[in-house]
Amino acid sequence: MTQADDMALFTWSDEYSVKMKVFDGHHRKLMELLNDLYDAMRRGKGPDAVGVVLKSLIEYTRVHFSAEQYLMITHGYPGYEAHKAEHDALVRKVEELTDQHARGIAVTVEVFQFLKDWLTTHIKETDRKYSSFFNSKGIS
């Protein structure tokens, strides 16, 4: 274990699990992005790392949201519209932050706070709502 691992802001635990292996894997990736940005900020390299984090976040949203929304539509998840609205808001925010970064505006702290809030609010509250629904359909 490296010193950077010792300094991780977030460590995966069951409190983040949505009881679906593929989505837990996606969420772990998001946690890694947050920890990478945190580590870079701690070393004074946040502005250098934020572009990579934003690019990875765009990829994450494209893959993860498509997978979640596909299952929600396919299985008639009753919270689909509200969940999709949260996803759409996140995509708009990531696009805004990416645009600001491209124009030279410092967004490192804002990206960090945004990811931290998303991890602790959307995943632990909103995403966990679909766990029992999908598990009852035999999806885990």
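The values are calculated or read from the model by the stated rules, or taken from the named source; none is laboratory data. Everything numeric here is computed off the predicted structure, so don't read it as measured data. All Cβ positions, even for glycine, are placed from backbone atoms using ideal geometry, and neighbour counts span all protein chains on display. Heavy atoms of the whole protein, side chains included, go into the accessibility calculation; ligands, DNA and RNA do not. Shrake-Rupley method; radii C 1.70, N 1.55, O 1.52, S 1.80 Å.
Could you tell me whether residue 96 is within 14 Å of residue 123 (Cα to Cα), at pLDDT 90 or above, of a type in the set (Asp, Glu) and open to solvent by 40 Å² or more (accessible area, probe 1.4 Å)?
No, not satisfied.
Starting from residues that are open to solvent by 70 Å² or more (accessible area, probe 1.4 Å), touching a residue at least 12 places away in the same chain (Cβ under 8 Å) and in a helix (DSSP H, G or I), keep the ones in segment 103-115 and report whichever is farthest from residue 46 (Cα to Cα).
The selected residue is 110.
Consider residue 48 against the criteria (1) surrounded by 12 or more Cβ atoms within 10 Å (Cβ to Cβ); (2) part of a helix (DSSP H, G or I): it satisfies all of them except one. Which criterion is unmet?
Answer for residue 48: the failing condition is (1).
Quick check: anything in segment 19-29 under 15 Å from the mean Cα position of the chain (by Cα), modelled with pLDDT of 90 or more, among the small types (Gly, Ala, Ser) and loosely packed, with under 14 Cβ neighbours inside 10 Å?
Among the residues of segment 19-29, at least one is under 15 Å from the mean Cα position of the chain (by Cα), modelled with pLDDT of 90 or more, among the small types (Gly, Ala, Ser) and loosely packed, with under 14 Cβ neighbours inside 10 Å, which makes the answer yes.
Look at residue 91 and say whether it is among the aliphatic types (A, V, I, L, M), open to solvent by less than 60 Å² (accessible area, probe 1.4 Å) and in contact (Cβ under 8 Å) with a residue 40 or more places away in the chain.
On the way: among the aliphatic types (A, V, I, L, M): yes; open to solvent by less than 60 Å² (accessible area, probe 1.4 Å): yes; in contact (Cβ under 8 Å) with a residue 40 or more places away in the chain: no.
So residue 91 fails the test.
What number goes with the only condition from (1) under 13 Å from the mean Cα position of the chain (by Cα); (2) closer than 17 Å to residue 23 by Cα; (3) open to solvent by less than 70 Å² (accessible area, probe 1.4 Å); (4) free of Cβ contacts under 8 Å to residues at least 40 places away in the same chain that residue 68 does not pass?
Tallying (1) under 13 Å from the mean Cα position of the chain (by Cα); (2) closer than 17 Å to residue 23 by Cα; (3) open to solvent by less than 70 Å² (accessible area, probe 1.4 Å); (4) free of Cβ contacts under 8 Å to residues at least 40 places away in the same chain, residue 68 fails exactly one: (4).
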